[in-house]
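One structure is given here, and the rest of the page talks about it.
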Amino acid sequence: MKGQEWYQADDVAQEYDEKRFSRGGQLIDRREKAAVLDALGPLEDQDVLEIACGTGRFTVMLAQEGANVVGLDISAAMLQQGRRKAKAAGVSGTLEFLRGDAGRLPFPDDHFDTVVAMRFFHLADDPAAFLSEMKRVSRERIVFDTFNRFSTRSVYNWALPMGSRLYSKSEVSILLAKNGLELVDVEDDFLVPYGLYRAIPNAFASPIRAIDRAVGRLPLSDHLMSVSYWNVRL
């Protein structure tokens, strides 16, 4: 995966949420969580694996929704942050954080109802192999997101600490077909770059977001969106 050394640094883990999901970045956080919950539906007693769980943003949320969750990440520092979040939220008993490699998942076949991978595929050096491994351990569905090739992100992608692999819709469709996965739904969002939201207070980010969403409803705008949320079934 891209940027492993940067990602695993202790100081990165300490500042990760603050830099990305404070200020206007709170809008991004809420939208991503809503996309995951919309795709998954009722989660009571569901067995869920989150790959690249980071500091547990989604892991804790899924546990709060009643799922039995395992969060897997390569960064020990990120996982420690996640454990603190889980304890503060009172859900430590229904989730587990494990350090591991998404390319060699330490679970038997068909072990989880659902596999979730948010903010992961833009770092994948072999997305087909990662998707195949996710399919192996899932019984029902996979939910993930991708950053899009023809979006504003392509302009500043080179400047990001870990870079990003950008995808076209057709490229993801081919990945799904090769792995025998059925597309249930795909949602596209965020014409305005993530970096702009993170750089400004919520008071300014909210009206920009309203314009972003309005323009996003226009015909053909989906081809220019920064991110796509994919919901697929086995």
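Based on the alpha-carbon gyration tensor of the range 119-234 and its eigenvalue square roots a ≥ b ≥ c, which shape applies: rounded if a/c is under 1.5, prolate if not and a/b is larger than b/c, or oblate?
The shape class here is prolate.
Of the heavy-atom accessible surface of the range 16-75 (probe 1.4 angstrom), what whole percent is carbon and sulfur?
The nonpolar share, carbon plus sulfur, comes to 43 percent.
Quote the convex hull volume per residue of the range 78-126, based on C-alpha atoms, as a whole number of Å³.
115
Relative contact order for the range 21-141: what is it in percent, counting Cα pairs under 8 Å that are at least 6 residues apart?
Computed over the range 21-141, the figure is 24 percent.
Kirkwood hydrodynamic radius (Cα pairs, Å) of the range 50-150?
Taking the inverse mean of 1/r over all distinct Cα pairs, the range 50-150 comes out at 13.7 Å.
Please identify every one of the trypsin sites (Lys or Arg not before Pro) in the range 76-118 that sits in a loop by DSSP and has no more than 16 other beta carbons within 10 Å of its own beta carbon.
For trypsin sites (Lys or Arg not before Pro) across the range 76-118 that sit outside H, G, I, E and B with at most 16 neighbouring Cβ atoms in 10 Å, the list reads R104.
Which peptide among 191-198, 61-68 comes first, and what is the full order, when sorted by highest mean count of other Cβ atoms within 10 Å?
Output ranking for 191-198, 61-68: 61-68, 191-198.
Assigning unit charges at the beta carbon (Lys, Arg +1; Asp, Glu -1) and nothing else, what dipole magnitude in debye, to the nearest 20, does the range 66-155 show about its Cα centre?
400
At 1.4 Å probe radius, can you tell me the per residue accessible area of the chain in Å²?
Working: 10680 Å² over 234 residues.
Heavy-atom SASA per residue in the chain reads 46 Å².
Taking amide hydrogens as modeled 1.01 Å from N in the peptide plane, which residues meet the under 5 Å criterion relative to Y167, leaving out close sequence neighbours?
For Y167, the qualifying residues are F147, N148, R149.
Once you charge only the Cβ atoms, +1 for Lys and Arg and -1 for Asp and Glu, what is the size of the charge dipole of the chain about its Cα centre, to the nearest 20 debye?
In total the dipole reaches around 640 debye.
Evaluate the relative contact order of the chain (contact order divided by residue number), counting alpha-carbon pairs under 8 angstrom at least 6 apart; express in whole percent.
The normalised contact order for the chain reaches 22 percent.
Suppose the chain between A88 and V215 were pulled fully straight at 0.36 nm per residue; how much longer would it get relative to their current alpha carbon spacing?
So the chain would gain 41.9 nm between A88 and V215.
Size of the dipole of the range 14-125 about the Cα centre, Lys and Arg at +1 and Asp and Glu at -1 on the beta carbon, nothing else charged, in debye to 20?
That gives a dipole near 700 debye.
Which far-off residues, 5 or more places away or on another chain, put their amide H under 5 Å from the one on D110, with H placed in the peptide plane?
Residues meeting the amide H criterion: V137, S138.
Toward the positive end of the charge dipole of the range 112-214, about the Cα centre and with charges on Cβ (Lys, Arg +1; Asp, Glu -1), which of S168, S132, T152 goes farthest?
With unit charges placed on the Cβ atoms, the residue in question is T152.
The values are calculated or read from the model by the stated rules, or taken from the named source; none is laboratory data. All figures in this text were calculated on a predicted structure; none of them were measured in a lab. As a convention, Cβ positions derive from the backbone with ideal geometry for all residues, glycine included, and neighbour counts pool all protein chains shown. Just the protein is used for accessible areas: all its heavy atoms, side chains included, with ligands, DNA and RNA removed. Shrake-Rupley method; radii C 1.70, N 1.55, O 1.52, S 1.80 Å.
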